[in-house]
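Okay, structure first, notes after.
The values are calculated or read from the model by the stated rules, or taken from the named source; none is laboratory data. Note that the structure is predicted; figures quoted are calculated from it, not measured. Every residue, glycine as well, gets a Cβ built from its backbone with ideal geometry; the counts of neighbours run over all protein chains shown.
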């Protein structure tokens, strides 16, 4: 059993009561600067900057660092875990993997710590950044929110990414960054890699949807419904009842295939979700179909990629992630 991180969780648990089904293995997951340079040596505590003000921190663990921020982008204080390599104290710079959690109740910046990320990365020369993304934030700035700011895309890309580069010894360049995620986070990884083409050299989607419009836009509808219930107090990511069609197309991996050219692309989905678990079956069936559609588009465009189909349903496969991590490290600039 993996020991749970001792750092505190999000301070507003009431936001989670709105969504009854667990996000890691249910349909909810799919359908669910200045003054900072010295701290980047790792010899000093991390500093505020880039719109982020540190309101809580845990820096005693030699590998796992925890920070909670006040930010105008989110109206509660989101957190991040930053997992350093075993030999980070040696003074080298490292590539970075941004690892995005799934959606639903109980899914947050600690999710991958619960899943054994410390053991999975032991001895590997890479920094892993695991931020909050909301129970149904969909790694997006929503079209409309009734719950105050929930601009997760702004928080991750405009604020957290440069804050990490300023406070840790990273390779702050295209070939120094990867993005990956599970379920909703797998979609977020694909979205960020396309929308921010020059930011990430490798992208991995573990049971994450890759097509927003198939089956009458089932994933888009679920993003709207789940975000309205669990994140935005009746608002929506893409607009209801009418979608912001330009936003959907900009976020849709199968419509942005050329944005993956020159990147390492890794996809995995399950082929045998439980026939007696409706949520598992619907979720992974949709994920698999969408990833196959995306794979076909990549093949048509002549874009290299890895696509795997594994037994089981909508679960995080630690063994597959370990294999993926080897590929991430091989693609990125070495420490």
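Summary of computed values
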| quantity | calculated |
| --- | --- |
| Among the residues listed as 31, 83, the single one being within 27 Å of residue 125 (Cα to Cα) and either modelled with pLDDT of 95 or more or buried (at least 18 other Cβ atoms within 10 Å of the Cβ) (or both) | 83 |
| Of the criteria (1) surrounded by fewer than 21 Cβ atoms within 10 Å (Cβ to Cβ); (2) more than 29 Å from residue 122 (Cβ to Cβ); (3) out of contact with any strand residue (DSSP E or B) (no Cβ under 8 Å at 6 or more places or on another chain), which one residue 319 fails | (2) |
| Pair list, Cβ < 8 Å and 6+ apart or interchain, from region 153-176 residues that are within 15 Å of residue 69 (Cα to Cα) to residues that are modelled with pLDDT under 95 and assigned to a helix (DSSP H, G or I) | 167/39; 167/40 |
| Check on residue 265, modelled with pLDDT of 95 or more and buried (at least 19 other Cβ atoms within 10 Å of the Cβ) | yes |
| Verdict on residue 334 being in a helix (DSSP H, G or I), over 23 Å from residue 112 (Cα atoms) and out of contact with any strand residue (DSSP E or B) (no Cβ under 8 Å at 6 or more places or on another chain) | no |
| Residues located in region 310-335, provided they are touching a helix residue (DSSP H, G or I) at 6+ places or on another chain (Cβ under 7 Å) and more than 30 Å from residue 168 (Cα to Cα) | 310, 313, 314 |
| Residues of region 49-62 satisfying the condition of being in contact with a strand residue (DSSP E or B) (Cβ under 6 Å, 6 or more places away or on another chain) and either buried (at least 17 other Cβ atoms within 10 Å of the Cβ) or under 25 Å from residue 187 (Cα atoms) (or both) | 51, 52, 54 |
| Enumeration of residues in region 95-128 that are assigned to a strand (DSSP E or B) and surrounded by fewer than 24 Cβ atoms within 10 Å (Cβ to Cβ) | 105 |
